[in-house]
Amino acid sequence: MQAIEVFPSSNDEANLQLNADGSLRHLLTLKGLDKSLLVELLDDAERFVSPVERDTARSQSLRGRTVANLFFEPSTRTRASFDLAAKRLGADVLNLDVNTSSRKKGESILDMIYTLQAMHVDIMVIRDASAGVPAYIAQHVNDYVSILNAGEADVSHPTQGLLDLLTIRQRKGRFEDLTVAIVGDIRHSRVARSTAEGLQTLGVGELRLISPPALAPYADEMPFASVLDNLDDGLRDADVVMALRIQRERIGNLEGIPGIDEYFQNFGISSERLQIAAPDAMVMHPGPMNRGIEIESTLADSPASAITQQVANGVAVRMAVLECVCKAMESR
Amino acid sequence: MQAIEVFPSSNDEANLQLNADGSLRHLLTLKGLDKSLLVELLDDAERFVSPVERDTARSQSLRGRTVANLFFEPSTRTRASFDLAAKRLGADVLNLDVNTSSRKKGESILDMIYTLQAMHVDIMVIRDASAGVPAYIAQHVNDYVSILNAGEADVSHPTQGLLDLLTIRQRKGRFEDLTVAIVGDIRHSRVARSTAEGLQTLGVGELRLISPPALAPYADEMPFASVLDNLDDGLRDADVVMALRIQRERIGNLEGIPGIDEYFQNFGISSERLQIAAPDAMVMHPGPMNRGIEIESTLADSPASAITQQVANGVAVRMAVLECVCKAMESR
Amino acid sequence: MQAIEVFPSSNDEANLQLNADGSLRHLLTLKGLDKSLLVELLDDAERFVSPVERDTARSQSLRGRTVANLFFEPSTRTRASFDLAAKRLGADVLNLDVNTSSRKKGESILDMIYTLQAMHVDIMVIRDASAGVPAYIAQHVNDYVSILNAGEADVSHPTQGLLDLLTIRQRKGRFEDLTVAIVGDIRHSRVARSTAEGLQTLGVGELRLISPPALAPYADEMPFASVLDNLDDGLRDADVVMALRIQRERIGNLEGIPGIDEYFQNFGISSERLQIAAPDAMVMHPGPMNRGIEIESTLADSPASAITQQVANGVAVRMAVLECVCKAMESR
């Protein structure tokens with residue numbers, strides 16, 4: 001969450017990402033995007049969802065456009081998801097996996113960005129381990145380039161947030177009276193932050209963040225959520241339970257959680273544990289899972305689990321976002 | 001050849017790879033595929049062969065399909081061959097070179113596979129250093145996904161086998177009365193196994209496997225072949241001579257073969273050595289070659305050599321297999 | 001500049017790259033290409049230049065063709081530029097980043113080339129750290145393959161040369177009475193060599209090469225240019241000033257230049273320093289820049305700078321070259 005000095009967090013990131021007419025220019029964060037825009041994106045994404053036994057949804061709406069996937073942090077699934085989303089819209093795709101070690105300071109990121117925009121790259125999909133990088137880039141590109149955040153430090157992962165919202169809406173049909181429990185390493189999770197921000201905007205009934213104290217959100221960070229350190233309290237009557245990935249090396253350093261077994265015992269989501277939640281509770285995980293650590297393996301594969309549905313929605317959401325910024329580009 | 005516990009070799013791999021109507025669902029191994037199916041694949045591949053001075057064969061039969069090349073073992077030529085085959089059929093291609101070090105156990109392979117199938121990947125091309133991985137994956141994918149084995153440990157490399165069969169058929173026009181000699185490191189060669197299996201099904205006259213004793217096939221592994229350790233005996237009147245790549249580090253550990261010169265002396269294929277074979281003997285090598293070790297450099301470039309023809313056939317065979325599993329998909 | 005024994009520099013490289021009718025077969029070097037051909041390529045490239053606010057220039061003239069980017073030396077921008085150029089002409093593109101450590105000797109490069117041409121690759125874009133590799137490959141491919149040099153040791157980088165020429169022509173409209181100053185590490189710069197060769201052919205008024213003595217060109221290497229070690233002498237009344245990238249580790253080893261500050265002081269291009277040049281002098285850099293070392297950061301972003309224009313022209317020039325060798329292929 002600490003912003004590196006050279007990439008100051010923008011206070012008006014929300015404004016930065018909208019055109020004068022309110023359409024989407026960049027997607028940097030869900031924070032500050034209003035409900036109607038989120039609903040529009042989810043509706044758009046729905047058009048790109050198709051069951052696995054039917055043809056893949058496609059269009060040619062990005063024909064003649066160039067999308068660059070600029071990943072300064074390694075990724076297989078998010079990169080693949082953006083890659084397929086862009087190709088299925090007819091775009092040319094440039095995949096650049098850039099070693100951050102060759103990147104010393106902000107200026108050289110900008111020089112890479114200026115190079116890509118001079119090459120007529122229309123959309124840059126950025127993943128970076130430093131806070132503020134996508135907004136910093138968005139502040140510097142010309143009027144014809146859109147920036148999409150594909151994962152920013154611990155701060156934000158807006159397309160993941162959107163796919164979570166879409167998956168919940170598909171299964172539950174509403175947000176107003178839902179209780180959503182997000183469990184695990186909240187502190188270091190860009191997924192938790194983006195999903196929580198989106199849920200708040202869509203008016204979720206109750207949002208609970210459950211974690212060991214050392215992994216709780218920062219104080220006052222998400223005042224709209226209740227912060228808990230007891231899993232049963234957090235799961236009680238919950239409609240949606242989302243387990244977060246925990247980095248194994250963090251576990252040994254948690255007070256009272258010396259090992260994997262203890263972590264699973266205290267914060268792992270299992271069928272048995274889930275009985276305290278609502279009878280039709282759905283289970284989510286952003287992937288990749290540590291089966292048996294943050295989630296019971298059989299539960300992950302059960303009908304209650306929406307995990308592969310999340311992945312499928314990920315492509316659809318990214319297609320919707322790509323198409324949305326392209327449309328806005330054309331009307332500028 | 002040792003199967004890792006977590007990836008048990010399937011006894012009915014052959015059945016696993018066929019649909020109920022006998023059409024090809026997955027391509028995991030040539031073992032157990034019947035003659036009519038092999039001949040059909042070779043005939044299909046022939047349509048995609050075109051001389052270098054003519055236009056490249058293409059079609060749009062995979063338009064709207066997604067092919068993922070999932071290579072857990074590094075590869076340049078096989079990956080390039082599948083990549084071009086898929087693109088020339090109009091597919092979208094996702095290239096994933098995955099470091100196996102990030103893969104701890106079977107479950108996480110499956111999670112990657114489930115992720116890809118949720119993204120509407122239709123065909124997964126898998127290369128892996130562990131035995132049983134392609135079949136293990138094939139057992140777990142949904143009804144709408146086909147798995148193609150692009151190299152599996154020492155066990156199997158079925159598209160390489162098919163391209164060898166096609167090349168022999170193009171040059172010799174028949175299999176029945178042919179004598180084929182495969183020379184070199186048989187024990188560790190997935191190429192030798194797949195080619196041998198295909199030759200047996202197509203009714204090759206005689207198959208000889210020639211190697212230093214330490215690199216011979218396992219006992220009773222290929223009862224239809226004769227196993228020899230003397231090159232002249234193996235080459236006598238042979239119509240087809242296939243040299244295998246040997247890993248240099250193996251040479252020093254072979255009894256009686258302390259160095260490269262000795263290896264070439266005893267098991268290298270040269271023009272001079274080839275005089276004992278049939279007058280019109282053809283020479284093959286799966287590549288990449290160690291020139292001067294398993295094959296004489298000038299011989300590799302001579303008219304007797306079919307080595308570049310094998311490469312050209314590789315793309316054609318992969319196009320045929322991709323099209324074949326796609327057609328079967330559509331009629332399911 | 002030293003040619004490795006196995007890749008002897010071709011004395012008739014210039015002839016090697018032309019078809020019998022004088023059309024372009026390979027692009028290996030600008031040396032020896034005549035003025036009319038250079039002008040034709042620049043004119044062709046001009047058709048592919050479009051301002052960033054307008055649609056990207058595209059065509060389908062490489063539809064059905066396969067371009068392989070075979071980079072034995074790492075590259076982000078040149079690879080991206082060729083990748084986009086080929087895709088925007090409708091080609092299938094195969095990207096191969098090949099670790100040179102796996103390449104022991106010339107033969108195995110050729111085997112890789114033979115493999116690619118057997119796969120019906122039409123155009124191979126080669127970058128290599130050894131002198132002579134592109135010409136060596138061009139001497140060995142069949143009649144249906146074109147080789148494009150994308151950076152060869154310290155020797156040559158012809159598409160960079162062409163994009164520099166195009167950028168100068170766009171800004172200055174002529175070459176005859178221009179004074180061009182190239183500043184920095186001339187000795188190790190393939191960019192300087194290619195640009196200088198092109199400028200000479202197009203009849204530049206005066207060409208000055210300015211560097212610390214240790215980084216001067218080899219004696220008699222470019223007799224048409226004046227070699228200077230004083231920046232002010234070099235910049236005086238210059239119309240075009242091109243700063244070259246210097247590798248930081250070289251700086252400490254230069255006599256009289258113990259550090260970055262001294263280098264910038266003596267050979268860095270700044271607005272202040274530029275006052276000695278012509279009033280409308282343009283500034284160039286092949287990128288990636290070391291801002292504050294070879295060029296002042298604010299100058300690089302000023303209207304005098306043509307640096308992003310160079311990048312945009314890079315894609316256009318590569319599209320022109322790809323189309324040019326393809327047309328020549330079809331009429332062979």
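The values are calculated or read from the model by the stated rules, or taken from the named source; none is laboratory data. Not measured: the values here are computed from a predicted model. In this analysis, Cβ positions are derived from the backbone assuming ideal geometry, glycine residues included, and neighbour counts consider all displayed protein chains.
Please specify each residue of the stretch C:229-253 satisfying the condition of being under 25 Å from C:Arg169 (Cβ atoms) and of a type outside the set (Gly, Ala, Ser). Write out each step before concluding.
Here is the first cut: in the stretch C:229-253, the residues under 25 Å from C:Arg169 (Cβ atoms) are C:234-245.
Result: C:Leu235, C:Arg236, C:Asp237, C:Asp239, C:Val240, C:Val241, C:Met242, C:Leu244, C:Arg245.
Report whether or not A:Arg187 is closer than 18 Å to A:Ala243 by Cβ, in contact with a helix residue (DSSP H, G or I) (Cβ under 6 Å, 6 or more places away or on another chain) and of a type in the set (Lys, Arg). Walk me through how you get there before you give the answer.
On the way: closer than 18 Å to A:Ala243 by Cβ: yes; in contact with a helix residue (DSSP H, G or I) (Cβ under 6 Å, 6 or more places away or on another chain): yes; of a type in the set (Lys, Arg): yes.
So A:Arg187 passes the test.
Just checking, which of B:Pro303, B:Pro258 is over 22 Å from B:Leu28 (Cα atoms) and modelled with pLDDT under 95? Working first, answer last.
Values: B:Pro303 fails: modelled with pLDDT under 95.
Within the list B:Pro303, B:Pro258, the selection yields B:Pro258.
Run down C:Leu228, C:Leu254 and say which single residue is touching a Pro at 6+ places or on another chain (Cβ under 7 Å) and in contact (Cβ under 8 Å) with a residue 12 or more places away in the chain.
Values: C:Leu228 fails: touching a Pro at 6+ places or on another chain (Cβ under 7 Å).
Selected residue: C:Leu254, the only one of C:Leu228, C:Leu254 that is touching a Pro at 6+ places or on another chain (Cβ under 7 Å) and in contact (Cβ under 8 Å) with a residue 12 or more places away in the chain.
Could you check, for the stretch A:241-253, whether at least one of its residues is at pLDDT below 95, surrounded by 13 or more Cβ atoms within 10 Å (Cβ to Cβ) and of a type in the set (A, V, I, L, M)?
Yes, that holds for at least one residue.
Somewhere in the stretch A:300-317, is a residue within 12 Å of another protein chain (Cβ to nearest Cβ), closer than 26 Å to A:Lys172 by Cβ, in contact with a Phe, Trp or Tyr (Cβ under 8 Å, 6 or more places away or on another chain) and without any contact (Cβ under 8 Å) to a residue 24 or more places away in the chain?
The answer is yes, given that some residue of the stretch A:300-317 is within 12 Å of another protein chain (Cβ to nearest Cβ), closer than 26 Å to A:Lys172 by Cβ, in contact with a Phe, Trp or Tyr (Cβ under 8 Å, 6 or more places away or on another chain) and without any contact (Cβ under 8 Å) to a residue 24 or more places away in the chain.
Check B:Glu296 against each of (1) buried (at least 20 other Cβ atoms within 10 Å of the Cβ); (2) within 21 Å of the chain's Cα centre (by Cα); (3) of a type outside the set (Gly, Ala, Ser) and name the one condition it does not meet.
(2)
Out of the residues in the stretch A:37-57 that are assigned to a loop (DSSP other than H, G, I, E, B) and among the acidic types (Asp, Glu), state the one that is modelled with the highest pLDDT. Give the steps one after another, and end with the answer.
First, pick out the residues of the stretch A:37-57 that are assigned to a loop (DSSP other than H, G, I, E, B): A:47-57.
Next, from what is left, pick out any that are among the acidic types (Asp, Glu): A:53, A:55.
On the way: A:Glu53: 85, A:Asp55: 91.
Selected residue: A:Asp55.
Rundown of residues vs (1) more than 9 Å from every other protein chain (Cβ to nearest Cβ); (2) at pLDDT below 95, yes/no style:
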position: C:Thr66; (1), (2): no, no
position: C:Ser101; (1), (2): yes, yes
position: C:Lys104; (1), (2): yes, yes
position: C:Gln117; (1), (2): no, no
position: C:Val121; (1), (2): no, no
position: C:Gly132; (1), (2): yes, no
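Quick check: anything in the stretch A:50-66 basic (Lys, Arg) and surrounded by 19 or more Cβ atoms within 10 Å (Cβ to Cβ)?
As a first pass, look at the stretch A:50-66 and keep what is basic (Lys, Arg): A:54, A:58, A:63, A:65.
Checking which are surrounded by 19 or more Cβ atoms within 10 Å (Cβ to Cβ) leaves us with A:65.
The answer is yes; a qualifying residue exists.
From B:Tyr144, B:Tyr114, which residue is over 23 Å from B:His285 (Cα atoms), in contact with a Ser or Thr (Cβ under 6 Å, 6 or more places away or on another chain) and aromatic (Phe, Trp, Tyr)? Explain how you work it out, then say what you get.
Working: B:Tyr144 fails: in contact with a Ser or Thr (Cβ under 6 Å, 6 or more places away or on another chain).
Being over 23 Å from B:His285 (Cα atoms), in contact with a Ser or Thr (Cβ under 6 Å, 6 or more places away or on another chain) and aromatic (Phe, Trp, Tyr) holds for just one of B:Tyr144, B:Tyr114, which is B:Tyr114.
Please return the ranges of helices (runs of 4 or more DSSP H) entirely within the stretch B:231-299 where 2 or more residues are out of contact with any Gly (no Cβ under 7 Å at 6 or more places or on another chain), within 21 Å of B:Gln309 (Cβ to Cβ) and assigned by TED's automatic domain parsing to the domain that holds B:Gly184.
Working: elements: B:231-235, B:248-251, B:260-267, B:271-274.
In the stretch B:231-299, the matching helices (runs of 4 or more DSSP H) lie at B:271-274.
Please go through the stretch A:79-97 and give me each residue that is without any contact (Cβ under 8 Å) to a residue 12 or more places away in the chain and not small (Gly, Ala, Ser), ordered by number. Before you say what the answer is, go through the steps one by one.
Filtering the stretch A:79-97 down to residues without any contact (Cβ under 8 Å) to a residue 12 or more places away in the chain leaves A:80, A:87.
Within the stretch A:79-97, A:Lys87 is the sole residue that qualifies.
Are any of the residues in the stretch B:81-94 surrounded by fewer than 23 Cβ atoms within 10 Å (Cβ to Cβ) and modelled with pLDDT under 95?
No, the stretch B:81-94 contains no residue that is surrounded by fewer than 23 Cβ atoms within 10 Å (Cβ to Cβ) and modelled with pLDDT under 95.
How about the stretch B:209-220: which of its residues are part of a loop (DSSP other than H, G, I, E, B), within 21 Å of the chain's Cα centre (by Cα) and touching a residue at least 40 places away in the same chain (Cβ under 8 Å)?
Across the stretch B:209-220, the qualifying residues are B:Ser211, B:Tyr218.
Any chance the stretch C:319-331 includes a residue that's farther than 29 Å from C:Thr56 by Cα, free of Cβ contacts under 8 Å to residues at least 60 places away in the same chain and out of contact with any strand residue (DSSP E or B) (no Cβ under 8 Å at 6 or more places or on another chain)?
No: the stretch C:319-331 contains no residue that is farther than 29 Å from C:Thr56 by Cα, free of Cβ contacts under 8 Å to residues at least 60 places away in the same chain and out of contact with any strand residue (DSSP E or B) (no Cβ under 8 Å at 6 or more places or on another chain).
Tell me whether the stretch B:271-292 contains one or more residues that are away from chain C (no Cβ under 11 Å), over 20 Å from B:Arg208 (Cβ atoms), aliphatic (A, V, I, L, M) and in contact (Cβ under 8 Å) with a residue 24 or more places away in the chain.
no
Of all residues being of a type in the set (Asp, Glu) and in a loop (DSSP other than H, G, I, E, B) in the stretch A:1-32, which is modelled with the lowest pLDDT? Just the residue, please. Can you show your working first?
Start the filter on the stretch A:1-32 by keeping residues that are of a type in the set (Asp, Glu), which leaves A:5, A:12-13, A:21.
Retained after the next criterion (residues that are in a loop (DSSP other than H, G, I, E, B)): A:5, A:12, A:21.
Details: A:Glu5: 42, A:Asp12: 66, A:Asp21: 93.
In this case the residue turns out to be A:Glu5.
Within the set of pairs 6+ apart or on separate chains, which have a first residue in the stretch A:34-59 that is free of Cβ contacts under 8 Å to residues at least 60 places away in the same chain, a second that is β-branched (Val, Ile, Thr), and C-beta atoms under 7 Å apart?
So the pair list comes out as A:Ser50/A:Thr56; A:Thr56/B:Thr66.
Name the residues in the stretch C:140-187 that are in contact with an Asp or Glu (Cβ under 9 Å, 6 or more places away or on another chain), surrounded by fewer than 19 Cβ atoms within 10 Å (Cβ to Cβ) and not assigned by TED's automatic domain parsing to the domain that holds C:Ala238, would you?
Matches in the stretch C:140-187: C:Asn142, C:Asp143, C:Tyr144.
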